[in-house]
Amino acid sequence: MGLTGRPGKARKGCPRKATVYGPVMTSDDCPDQAPGDLPDQAQIEIPDPAPEERLGRSPEAAPGSAPDENLGQSPEAAPGTAPEDLLDRERKDVHDRLIPRPAWHEYFMAMAKVVSTRSTCSSRPVGCVIVRDNRILVTGYNGAPPGEPHCTDKSSGGRLYCARRAGGVPDRLKLNFCHSLHAEENALALADRLGLSAMLRGATLYSTLSPCVRCIENLSRHGIAKVYYELAYRSVDARRDSDWEARAKASFEVYEALSISPASREKIAGSVLNTTSRRLIPSE
């Protein structure tokens, strides 16, 4: 979904104009515009701030006053940051702001990736979100049940600890001996506790990893209709992996791999790494 807007009339002091080509919003996204009255490209006025504003200080500020984070300088900027570094940062922020917003699929997969950072599994961090009507119902990540030790807590000295592997349990028996609950299991359990089970019927799962056979059955029983995953499950047993995939395709209306586009990755990463809501257009 792209950025759009009516071509603005250039104002004095606002000579720079950025044009973004590509997808634009539909009339559903912009109810104030009539169907067919949407531009083919987005034109967004980028004011050219005065030198004082570029340095994070309003023109009226007294010499030596503290920078205003809303006018240009990031709160994290170190004292003595060179003006050219601030300008480079502003240009990058403007660039990121003009990248079209992620599509719904990308948005929810990005959410699942963020959720996975809470995982306590040393081997495969997994995160998932369950969505209905483009609204997130619940999230889940894999890890030990409440009150039990986490494998990540036992990882040290540059070595990753896995309770199943430490016990010498072979791969073919891992579902019986793995200490972690899967991301999908935790998400479904949370939905049950919150009384949202009925809303799961017809819902969509976004996960960083395709589900195992146990989760396929559990998701199907709860009425999940569509499953999108970032990475297909692969193990030392190719025949078993193939069987799980066949079961999944038979259990859901949609079962597909999904990746986030490079442009959306750049936009999302910029928002995570930098201060997200810093004002780029000075207040009037």
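The values are calculated or read from the model by the stated rules, or taken from the named source; none is laboratory data. The shown structure was predicted, so the numbers you read here are calculated from the model rather than taken from an experiment. Glycine gets a Cβ as well: all are built from the backbone with ideal geometry, and neighbour counts include every protein chain shown. With ligands, DNA and RNA removed, areas are computed over all heavy atoms of the protein, side chains included. Shrake-Rupley method; radii C 1.70, N 1.55, O 1.52, S 1.80 Å.
Here are the numbers for the structure shown:
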quantity	calculated
Segment 89-227, relative contact order in percent, only Cα pairs under 8 angstrom and at least six apart counted	25 percent
Over segment 216-284, volume per residue of the alpha carbon convex hull, in Å³	166 Å³
Peptides ranked, highest mean first, by Cβ atoms within 10 Å: ranges 206-213, 274-281, 112-119, 263-270	206-213, 112-119, 263-270, 274-281
Of Lys113/Lys226; Lys113/Lys249; Lys92/Lys226; Lys113/Lys267, those spanning more than 26 Å from alpha-carbon to alpha-carbon	Lys92/Lys226
Rounded to the nearest 20 debye, dipole of segment 151-241 from Cβ charges on Lys, Arg, Asp, Glu	220 debye
Relative contact order for segment 121-184, counting Cα pairs under 8 Å that sit 6 or more residues apart, in percent	39 percent
Accessible carbon and sulfur surface of segment 162-284 relative to its total accessible area, %, 1.4 Å	52 percent
Residue-wise HN-Hα coupling along segment 129-140, computed from phi with Karplus coefficients 6.51, -1.76, 1.60 (Hz; x: Gly, Pro)	10, 10, 10, 9, 6, 6, 10, 6, 8, 8, 10, x
